[in-house]
Amino acid sequence: MSPAASGLDDRTRLAVHHSTRWSTRIEVLVTDPAVVVAAARILDDVLDRVEEAASRFRPDSELSRIHQVGGGTVAVSGLLCDLLATALRAADLTDGLVDPTVGAALVRLGYDRDFSEVAAGVAGSLPTPAPVPGWRSVALDADLRSVAVPAGTILDLGATAKAWAADRAASTISEQLGCGALVSLGGDVAVRSAPVGGFVIGVADVCGDPAAPTAVAVSSGGLATSGIGNRHWSLGDTPVHHVVDPRTGLPTASCWRTVTVAAGSCVDANTASTAGLVLGEGAPDWLAARQLPSRLVRVDGTVVTVAGWPADTLSTGEGRS
Amino acid sequence: MTTTGRSSSRGRQDPSHAARRQRDAGLERGRSLTKGIAAVSVAAVAATGVYLSQALPGHSASTPTSTGGSGAVGAATPVAPSSGSSAASSSGGSSAGAGISTPAAAPAPAYQQAPVTSGSS
């Protein structure tokens with residue numbers, strides 16, 4: 001864990017621990033200040049193991065071993081099996097809008113190492129549009145704990161693995177330490193055993209923005225925001241970002257700059273918010289049909305809310321439709 | 001005496017009573033046949049589902065093997081975690097339902113700056 005800080009939130013008396021990892025902001029809040037350090041350790045342990053299993057950037061990760069085999073069947077740990085299953089479920093539930101086989105497309109865009117090394121820009125030019133291999137090409141056998149991926153396919157579990165880690169860490173902290181817990185991994189938030197009134201969470205274009213235009217109280221489940229306001233870089237002269245449209249293999253050209261969704265878990269919130277961003281104009285109807293409270297912000301700043309998401313509370317600077 | 005009358009009634013083969021019994025027996029046979037057809041249909045659908053879940057690429061060939069799983073494959077089949085440290089032993093993560101899980105309650109408006117902000121990262 002690096003760099004880290006702990007403290008008490010003055011308004012709610014929650015104990016807060018901040019750190020940075022995976023080029024993102026990480027926070028854990030607990031309702032019992034005495035256990036905040038133990039909670040941070042649990043979170044760190046979960047992140048360690050997820051990274052060892054599913055990092056696309058570590059040559060010694062299990063995921064990299066799958067890629068190195070190049071088409072054969074590979075035995076995987078129970079953890080990676082869970083992460084792969086979660087990613088495939090997300091793909092299934094979104095008809096492939098959230099697809100784990102976007103890895104090679106991200107590599108072609110220059111995102112082939114930790115983002116801190118990509119942020120300054122990389123050489124190259126925008127590739128020709130081409131669909132990604134598709135999640136149906138991944139054969140996972142959870143009984144045998146094995147997976148087969150076609151040669152040349154690179155998996156990127158980033159979207160769902162981070163949310164999975166938030167869910168897992170929040171559940172473990174709450175159950176093992178007997179307290180309410182909120183875990184935020186770069187804006188993917190999981191809540192367990194919240195205090196009365198819920199945990200208050202700001203919602204902004206960029207994770208950690210202190211000038212969030214609205215805040216909501218969440219009592220359970222998960223909240224996630226997907227957007228193009230962060231994790232973007234230059235590929236040659238072309239600005240690109242990390243949310244790839246599986247249908248083109250290119251950064252999604254969405255009408256939304258952020259989509260925030262509340263769901264029964266952080267994984268499901270992340271799945272829906274990413275799908276909404278990729279889906280574009282159809283996102284409000286798609287989210288409303290699934291009764292997922294959501295806040296979508298158009299590129300021009302116009303805010304759209306669906307399925308009971310409350311009106312903005314902290315400023316009136318943006319339009320509303 | 002009423003008792004005699006009753007016995008007498010039982011002893012005779014009342015044509016309408018016999019017809020009713022014949023009809024009831026027919027209905028019972030029909031019900032049994034319907035139940036059998038329903039049971040066979042359910043079993044066939046279940047077997048087809050199991051076969052397809054194992055045959056389709058992109059789906060796990062697994063059925064749940066233990067409790068506490070957090071992942072799920074395909075539309076509905078939960079996959080149990082099978083290893084990992086104690087930190088991974090509790091449940092959490094995606095719902096095992098057929099669709100994206102809805103929250104227990106919609107987020108409530110809050111009017112204070114929050115210690116945590118959700119945004120793109």
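A few comments on the model shown:
- Looking across segment A:266-288, the residues that are within 12 Å of the chain's Cα centre (by Cα) and either modelled with pLDDT under 95 or over 17 Å from B:ALA106 (Cα atoms) (or both) come down to A:THR271, A:THR274, A:ALA275.
- Residue, nearest to the chain's Cα centre (by Cα), within segment B:86-111, restricted to residues that are within 7 Å of chain A (Cβ to nearest Cβ) and modelled with pLDDT under 85: B:SER95
- Test: A:LEU314 is closer than 15 Å to A:VAL203 by Cα and either among the acidic types (Asp, Glu) or surrounded by fewer than 24 Cβ atoms within 10 Å (Cβ to Cβ) (or both): yes
- Conditions (1) within 14 Å of A:GLY222 (Cα to Cα); (2) surrounded by 24 or more Cβ atoms within 10 Å (Cβ to Cβ); number of the one not met by A:GLY264: (2)
- Breaking point among (1) over 28 Å from A:VAL76 (Cα atoms); (2) more than 7 Å from chain B (Cβ to nearest Cβ); (3) among the charged types (D, E, K, R), for A:ASP209: (2)
- On inspection, A:GLY221 passes the criterion of being of a type outside the set (Val, Ile, Thr), within 15 Å of the chain's Cα centre (by Cα) and either buried (at least 18 other Cβ atoms within 10 Å of the Cβ) or at pLDDT 95 or above (or both).
- One residue stands out among those in segment A:224-235 that are modelled with pLDDT under 80 and in contact with a Ser or Thr (Cβ under 6 Å, 6 or more places away or on another chain): the one that is surrounded by the most Cβ atoms within 10 Å (Cβ to Cβ), which is A:ASN230.
- Hits in segment A:50-73 (condition: in a helix (DSSP H, G or I), under 18 Å from the mean Cα position of the chain (by Cα) and surrounded by fewer than 21 Cβ atoms within 10 Å (Cβ to Cβ)): A:GLU51, A:GLU52
- Selection over segment A:258-293 of residues that are of a type in the set (S, T, N, Q) and more than 10 Å from chain B (Cβ to nearest Cβ) gives a count of 1.
- Residue within segment A:138-147 that is within 24 Å of the chain's Cα centre (by Cα) and either among the polar types (S, T, N, Q) or at positive phi (or both) present: no
- Taken as a whole, the structure places A:VAL118 among residues that are surrounded by 16 or more Cβ atoms within 10 Å (Cβ to Cβ), within 24 Å of A:THR20 (Cα to Cα) and among the aliphatic types (A, V, I, L, M).
- Matching option when the condition is crowded, with 20+ Cβ neighbours inside 10 Å, of a type outside the set (S, T, N, Q) and closer than 23 Å to A:SER219 by Cα, among A:VAL36, A:VAL76: A:VAL36
- In segment A:149-159, the count of residues that are within 9 Å of another protein chain (Cβ to nearest Cβ) and in contact (Cβ under 8 Å) with a residue 60 or more places away in the chain is zero.
- Residue within segment A:169-178 that is within 9 Å of another protein chain (Cβ to nearest Cβ) and in contact with an Asp or Glu (Cβ under 7 Å, 6 or more places away or on another chain) present: no
- Boolean, A:GLY221 is within 14 Å of B:SER121 (Cβ to Cβ) and facing chain B (nearest Cβ under 7 Å): no
The rows are residues; the columns are (1) out of contact with any Ser or Thr (no Cβ under 7 Å at 6 or more places or on another chain); (2) in contact (Cβ under 8 Å) with a residue 60 or more places away in the chain; (3) in a helix (DSSP H, G or I).
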site	(1), (2), (3)
A:ALA253	yes, no, no
A:ALA275	no, yes, yes
A:ASP300	yes, no, no
A:LEU314	no, yes, no
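One line per residue, one yes/no per condition, for (1) touching a Phe, Trp or Tyr at 6+ places or on another chain (Cβ under 8 Å); (2) of a type in the set (A, V, I, L, M, F, W, C); (3) at negative phi:
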position: A:VAL149; (1), (2), (3): no, yes, yes
position: A:ASP167; (1), (2), (3): no, no, yes
position: A:ALA217; (1), (2), (3): yes, yes, yes
position: A:ASP237; (1), (2), (3): no, no, yes
position: A:VAL240; (1), (2), (3): yes, yes, yes
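- Enumeration of residues in segment A:89-138 that are within 12 Å of another protein chain (Cβ to nearest Cβ), without any contact (Cβ under 8 Å) to a residue 60 or more places away in the chain and over 18 Å from A:ALA163 (Cβ atoms): A:ASP95, A:PRO133, A:ARG136, A:SER137, A:VAL138
- The residue list A:LEU106, A:LEU155 contains one member that is under 25 Å from B:ILE100 (Cβ atoms), hydrophobic (A, V, I, L, M, F, W, C) and modelled with pLDDT of 90 or more, which is A:LEU155.
The values are calculated or read from the model by the stated rules, or taken from the named source; none is laboratory data. Not measured: the values here are computed from a predicted model. Glycine also receives a Cβ, built like all others from the backbone with ideal geometry; neighbour counts cover every protein chain displayed.
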